[in-house]
Amino acid sequence: MWSQAASALSQLWLSPRCPLCDRSPARPFCDSCWRQIQSCQTLTGPTRDAHALQVLSWGWYQRPLKGAIAALKYDGHRAIADPLGRALGDWWQQRPIPTRRPPWVVPIPLHGEKQRQRGFNQAALIAAAFCRQTGLLLQAQGLRRQRPTQPQFGLGMAERQQNLADAFVLGDWSRPQRQRPILLLDDIYTTGTTAQAAAAVLRRAGWSVCGMVTVARAQSDQTP
Ligand SMILES: [Zn+2]
């Protein structure tokens, strides 16, 4: 009796807890939080941003999706990248950005120092799950961030552009195939400054950039 209770207790203790509400079981979210995250979906297909780049986002950057992304980035819950990347991939399969050939997927990189501190690049983890879902090819090292940048939070548009100027360089491409377009991938789309800076580097190197996919999109008056 006691051993049964102890075993049940230890299973409860050891079973993964939902990073948003601490309930279990969680895979990686509990059913209730996952349902609430899904209610953040934009249900909007690709749209052109102010810089004429096509952007497809899965959800609005609002609670609880916002909390899920924070738990991935700042609390180290890497498993969160999988359902978010798959959900984005599923949305891409329904409403893709039209391209003549299947694109390479290039995640927005972190600066090396920041990646060492965090232990991973959340965009690369999301991109891996996105590619598992869609079958698109991942070029995880397609871009490199050559210098640290300040968080974009609280910066005006001109300061954002200045902050990211020359931040990105071409990464390691073993067999560059420039006939394929590039699809950028990031966790959050805010003003498009990051996408522009990354796309400019690839375009200068001869690639066409068909657009960007993100898990979340900030409303225009929101700066994460
Ligand atoms: Zn939960």
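Read-outs throughout are calculated quantities, based only on the coordinates presented, and are distinct from any laboratory measurement. No experiment lies behind these values; they were computed from the predicted model shown. Note that we place each Cβ from the backbone using ideal geometry, even for glycine, and neighbour counts take in every protein chain shown.
Miscellaneous remarks
- Rounded FRET efficiency, nearest 0.05, which uses the C-beta distance separating GLN177 from THR47 and R0 of 35 Å: 0.80
- Helix-only arithmetic for the chain: the sum of -39500 (n - 2.57) across DSSP H runs with n ≥ 4, divided by the residue total, places the mean residue ellipticity at 222 nm at -11500 deg cm²/dmol.
- Projecting label points 7 angstrom from Cα along Cα→Cβ for HIS111 and LEU170 puts them 2.4 nm apart.
- Convex hull volume of the Cα atoms of the range 40-192, normalised per residue: 123 Å³.
- Inter-probe distance in nm under a simple model that places probes 7 Å from Cα toward Cβ, at ALA158 and ASP75: 4.0 nm
- Relative contact order of the range 82-224, defined on C-alpha pairs under 8 angstrom at six or more residues apart (%): 28 percent
- Modelled FRET efficiency - R0 41 Å, ARG147 with SER24, Cβ distances, 0.05 increments: 0.45
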